[in-house]
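The values are calculated or read from the model by the stated rules, or taken from the named source; none is laboratory data. What you see is a predicted model, and the numbers here were worked out from it, not measured in a lab. Cβ sites come from the backbone with ideal geometry, for glycine too, and all protein chains shown count toward neighbours. Keep in mind that these areas ignore ligands, DNA and RNA; they rest on the heavy atoms of the full protein, side chains included. Shrake-Rupley method; radii C 1.70, N 1.55, O 1.52, S 1.80 Å.
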Amino acid sequence: MHPGLAVGLVFGGCCSNVVFLELLIREFPGCGNLITFAQFFFIAIEGFIFEANFGRKRPTIPIRYYLIMVAMFFTVSVVNNYALNLNIAMPLHMIFRSGSLIANMALGIIILKKRYTISKYTSIALVSLGIFTCTFMSAKQVSSMSSPSEDEENVSAFIWWLLGILALTFALLMSARMGIFQETLYKRFGKHSKEALFYNHALPIPGFLLLAPDIYRHALLFSQSEPFQVPVIGLTLPIMWFYLIMNIITQYVCIRGVFILTTECTSLTVTLVVTLRKFISLIFSILYFRNPFTAWHWIGTLFVFVGTLMYTEVWNNLGPLLDRKQKKQEEKQE
């Protein structure tokens, strides 16, 4: 597949997925478990058919390793979902998760005994400063949401917000630990990202039984939402189910686009595309849904993304890339 089409899948799938996720979360903030279950179930069914060949294909990486990976993956997904129900706004949620570089570097130093260059430490400092700025400003907004006569509500809202920050921090560290675990597995058994994608989504399915009451409750709420007629096909269904179906489809397109991009392009290109996608999704979420975002939030966001680009050494690699492109143009002219 042409890399340009893969880039289109990433931007189209991932950015539209954020839109439908926000539409779902704004109506029912606690519906994250239902959304995650639906996404996992869809990807598991697709992988069972096309990757596992209806169970006839044996995994290259032993199942016991996938079970460990899945336990971490399932925990991260559930904790991230619950954070949205703890006074955490979607923009802050997106920015905070962009701080995975900090967690990866910290655990890499502790577990893998890695050492990094000054530019890497500088980039991490920028990302940390950006996240701190956005987190601090969000804390001020939460504290000032109510009038002075509602001090108890203010304190309660701040405590729930603080629990949300702790949940995001835990999920960030757990996600980084999972990434290190994956890295060691790929070094030992080779890269099998499609296989990992299937087992990471199929094995956790039984775990959703623990969340069945919450999933069932929100499924009933979705069914009670206003009816919506799907364009072109004319099918009428509750609008929240339409949003969920579109969220599942766009999530799948997003994941597949990233996978295709990793097979067709360099890691530099993949990192650039994913970083720009996050930035565009963030801006769209703020402008379209009118989420509260101050000038300090913009400064913090800028720190996060500049730090991310510095970490990937974009500036050092763009020069040689442009030089090669100019050299090719000069050769054509001759």
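In table form, for the structure just shown:
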| item | result |
| --- | --- |
| Flag for Ile43 being over 30 Å from Val155 (Cα atoms), open to solvent by less than 40 Å² (accessible area, probe 1.4 Å), part of a loop (DSSP other than H, G, I, E, B) and β-branched (Val, Ile, Thr) | no |
| Unmet criterion (only one of (1) buried (at least 19 other Cβ atoms within 10 Å of the Cβ); (2) at pLDDT 85 or above) for Phe28 | (1) |
| Yes/no for Thr133 being free of Cβ contacts under 8 Å to residues at least 24 places away in the same chain, closer than 23 Å to Val274 by Cβ and among the β-branched types (Val, Ile, Thr) | no |
| Any pair with Cβ under 6 angstrom, 6 or more apart, that starts in the range 51-64 at a residue that is within 12 Å of Lys194 (Cα to Cα) and part of a loop (DSSP other than H, G, I, E, B) and ends at one that is open to solvent by 70 Å² or more (accessible area, probe 1.4 Å) and of a type outside the set (A, V, I, L, M) | Glu51/Lys194 |
| Residues (open to solvent by 50 Å² or more (accessible area, probe 1.4 Å), more than 19 Å from Asn85 (Cβ to Cβ) and at pLDDT 60 or above) located in the range 129-174 | Leu129, Phe132, Phe136, Lys140, Leu173 |
| Residues that are open to solvent by less than 30 Å² (accessible area, probe 1.4 Å), within 23 Å of the chain's Cα centre (by Cα) and at pLDDT 85 or above, drawn from the range 221-265 | Met240, Leu244, Asn247, Ile248, Thr250, Cys254 |
| Total residues in the range 176-220, condition hydrophobic (A, V, I, L, M, F, W, C) and open to solvent by 50 Å² or more (accessible area, probe 1.4 Å) | 5 |
| Among the residues listed as Ile35, Ile88, Ile68, the single one being assigned to a helix (DSSP H, G or I), crowded, with 20+ Cβ neighbours inside 10 Å and either in contact with a Leu (Cβ under 9 Å, 6 or more places away or on another chain) or in contact (Cβ under 8 Å) with a residue 24 or more places away in the chain (or both) | Ile35 |
| Flag for Ile61 being among the hydrophobic types (A, V, I, L, M, F, W, C) and open to solvent by 40 Å² or more (accessible area, probe 1.4 Å) | no |
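Each row is one residue, and each column tells you yes or no for (1) farther than 16 Å from Ile43 by Cα; (2) part of a loop (DSSP other than H, G, I, E, B).
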{"position": "Lys191", "(1), (2)": "yes, yes"}
{"position": "Glu195", "(1), (2)": "no, no"}
{"position": "Leu210", "(1), (2)": "yes, no"}
{"position": "Ala219", "(1), (2)": "yes, no"}
{"position": "Ile233", "(1), (2)": "yes, yes"}
